[in-house]
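What follows is a single structure, written as structure tokens, with notes after it.
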Amino acid sequence: MAINIKNQIFTLHTKNSTYQMKVDEQNMLIHTYYGNRTDDTDCSYLIRMADRGFSGNIPGTDRERVYSLDFLPQEFPVYGDGDYRVDCLKADLGSGVQDGMFFFDSYQIREGKYNIPGLPAFFSSEKSEGETLEIVLKDAVEEVYVHLLYGVFEELDIITRAAVVENRTEGDIQISRIMSACLDLGMGKYDLIHFYGKHAGERQMERNSLPHGITELRSTRGTSSHQHNPFVILADKDTTESTGECYSASFLYSGGFHAQAEVDQFNQTRLVIGIDDYDFSWKLKKGESFSTPEVCLTYSADGFSKLSQTLHQAIVSNLIRSCWKDRVRPILVNNWEATYFDFNKDNLIAIAKEAAELNLDMLVLDDGWFGKRDDDFSGLGDWFVNKNKLPNGISGLSRKIEEMGLKFGLWVELEMVNKNSDCYRAHPDWLIGAPERFESHSRHQHVLDFSRPEVVDFIYDSISKVIEESSISYIKWDMNRYMSEPFSRGASAADQGKTMHKYILGVYELYTRLTERFPDILFESCASGGARFDPGMLYFAPQTWTSDDTDAAEREKIQYGTSFVYPIVSMGSHVSAVPNHQLHRTTPLSTRANVAYFGTFGYELDLNLLSAKEIEEVKAQVEFMKEHRDLIQVEGDFYRILSPFEGNDTAWMVVSRDKKQAVAGYYERLNKVNASWMRLRFKGLDEDQLYKVKWEDKCLKAYGNELMYAGIPVDRDYCNKTNGDFHSVLYTIEAEG
Ligand code: GLA
């Protein structure tokens, strides 16, 4: 059993971790331990009590003044009870009372993993069934209950959490803040590692020692955002890629979020994470409940690579629902950077013809095929084909592409509308924003009010018709603006605080309906590149367009940062033209491919503009990826070797789980005269296995221990006079015998 309960001590075991909490003598649920796997011993001996001066004591505690929530580690701290640290719940429990005091009420263990209606969540699968522990807390006075849900996946090495607030009072209660989970670590000075960014520069890694006070990361943008990923790591000072302790919390939600890490007066660290409380207020009527999104907790005693691999495997096996989750992905060409809006049937077919000759798998038609969409001022909301550009419709084009031996994919942006569209003219009140006030636009577009079921129904019907009539194997679902003026014209004044969350529930509803109706379609999510690269999206769409920045050198950082949480098979990564359209930088074609291989792989350029030499190179790249994509995308574990955030070099590799095969990439940013010697040390190989390593026109035989501990020299300018800036080397490693 992964869940053991004795004397109201709840011990949750995964393969390599133990998580424990206990109902104490005051009937409070306190957190006693999370870390390397231990037995079921009551760890509450770790928690010391002392009279901490002005730390208040809850009613009924002894005369010694030692029992205080001000320092006790808790599972679900609430506002107003004398614990002044960041909390998980603030609610008006009726008649203005906001100070909850939640005591243990009951618990239940269930086989299999709980699910959360309407929200993405890890699920039971053949790989790991999971178990559920539900602990119920009740307010001291009011009939308000909090159900704490714990999903324990022993094999996957993860624990999930979510909370449900239930109103059994006779009146309304009003929640103004609800976090999904709290992690109270009673000891240690931690570094916070997080992934910040911007449009075309997402998931840049940052590591800082946590100061006293509150450090917070949040998105108030209605998307999980380019600026901060809903994922944090707390690590010991000395933790590296392969050694040391670290914890992570990943929030399964695609809207605004709020993560707070507080180091308190006694050097204890508390992490809470949940829906952004800035734009949130939820009235619960008598008998109603509110469920939070889920958080996935992971612990590693062996550094960051282990932590990431645990997350990657869990996401693939027990979060992504699509049948594509463990399949190699089609090598596609996307026409966006090839044509932008300026395409017609003929130039698309010309690109497809070249793609077929190069042995690619799919052509994806990006923005501009619908309504009057010749630029970004109009058309969004009108999901019917623009016959001026495509006289035979999407149905005719998709079939033509299939006759050429390729699959066909299509771009959509279903949550948006331009004012210049039939959709807006028919339904001006479907916009998010209050009437007679400002409706800010961004990229000239507005957000459709997906908190209203009739809007979701309309979009579902219009796009389903296009899909039904055509032969579509892939959909890129984009979302190109942040939310502002969050007001639903379909809701009362009192319910406006629900708009942002209900919007996300509407997005998930549409995803659910479309993915269930068209289960074979491969969905790729996108939000101006990677503004919604989050686990909530991966539940529906097994891959995400990582960034609008397709420059290879920038992509090294973006993909490196992204790999801390998300499997590399989920990262949309394409070779684009040079000079690069975002940075105007020229990088070698080989480097562009060497970066893009570690993802879904594809092209984002006009294949007809390639020179004869480049055509030959692309042919070889496609061949290489077809030969190795099973290893890279399905069979392998990903290891980071050199960080682009620390120097001039990046390196990473994928090793098959049987350790018989590997592919590694090394990337140098700027070339240097008389550069220092460089040795690359591989990871994850079998120490005693003899391997053959091949790169460029070279070959070396060595044992795993040599390759990992001594490494191999990297040829830089002193050996190879032809290398310039942004040079890279791709290594294939195969077991001998
Ligand atoms: C966003 C996407 C791009 C492309 C354009 C089309 O920016 O990230 O890949 O699809 O929209 O408008």
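Just a few scattered comments:
- Among the residues of region 534-572, those that are of a type in the set (A, V, I, L, M, F, W, C) and within 16 Å of the ligand (Cβ to nearest atom) comprise Met537, Ala541, Trp545, Ile558, Met571.
- Top-ranked residue of region 515-531 - restricted to ones that are of a type in the set (Gly, Ala, Ser) and surrounded by 24 or more Cβ atoms within 10 Å (Cβ to Cβ), ranked as nearest to the ligand (Cβ to nearest atom): Gly529
- When Leu583, Leu609 are screened for being surrounded by fewer than 23 Cβ atoms within 10 Å (Cβ to Cβ), more than 16 Å from the ligand (Cβ to nearest atom) and either within 27 Å of Ser528 (Cα to Cα) or not polar (S, T, N, Q) (or both), only Leu609 passes.
- Residue count for region 433-469 satisfying the condition of being hydroxyl-bearing (Ser, Thr, Tyr) and either buried (at least 20 other Cβ atoms within 10 Å of the Cβ) or closer than 14 Å to Gly381 by Cβ (or both): 3.
- When region 390-415 is filtered for residues that are of a type in the set (Lys, Arg) and either in contact with a Ser or Thr (Cβ under 8 Å, 6 or more places away or on another chain) or within 15 Å of the ligand (Cβ to nearest atom) (or both), the ones remaining, listed by number, are Arg399, Lys407.
- Residue in region 328-338 that is surrounded by fewer than 22 Cβ atoms within 10 Å (Cβ to Cβ) and within 13 Å of the ligand (Cβ to nearest atom) present: yes
- No other residue among Arg168, Arg110 is in contact with a Ser or Thr (Cβ under 6 Å, 6 or more places away or on another chain) and more than 24 Å from Leu46 (Cα to Cα) apart from Arg110.
- Whenever a residue of region 653-668 is over 18 Å from Lys306 (Cα atoms), its partners that are in a strand (DSSP E or B) and small (Gly, Ala, Ser), lying with C-beta atoms within less than 6 angstrom and at least six residues away or across chains, give the pairs Lys660/Ala735; Tyr666/Ala651; Tyr667/Ser728.
- Any hit, region 683-691, residues being touching a Gly at 6+ places or on another chain (Cβ under 8 Å), surrounded by fewer than 16 Cβ atoms within 10 Å (Cβ to Cβ) and free of Cβ contacts under 8 Å to residues at least 40 places away in the same chain: yes
- Among (1) within 20 Å of Leu670 (Cα to Cα); (2) out of contact with any Phe, Trp or Tyr (no Cβ under 8 Å at 6 or more places or on another chain); (3) within 16 Å of the ligand (Cβ to nearest atom), the one test that Gly599 misses: (1)
- Considered as a group, the residues in region 343-354 that are farther than 15 Å from Trp411 by Cβ and surrounded by fewer than 24 Cβ atoms within 10 Å (Cβ to Cβ) include one that is farthest from the ligand (Cβ to nearest atom), and that residue is Lys353.
- For region 457-505, the set of residues classified as of a type in the set (Lys, Arg) and within 16 Å of the ligand (Cβ to nearest atom) consists of Lys476, Arg481, listed by residue number.
- Scan of region 683-712 for residues that are under 13 Å from Glu734 (Cα atoms) and either assigned to a strand (DSSP E or B) or aromatic (Phe, Trp, Tyr) (or both), ordered by number: Leu690, Tyr691, Lys692, Val693, Lys694, Trp695, Cys699, Leu700, Lys701, Ala702, Tyr703
No lab work stands behind these numbers, since they all come straight from the coordinates. Note that the structure is predicted; figures quoted are calculated from it, not measured. Please note: Cβ atoms are built from the backbone with ideal geometry, for glycine as well, and neighbour counts cover all protein chains shown.
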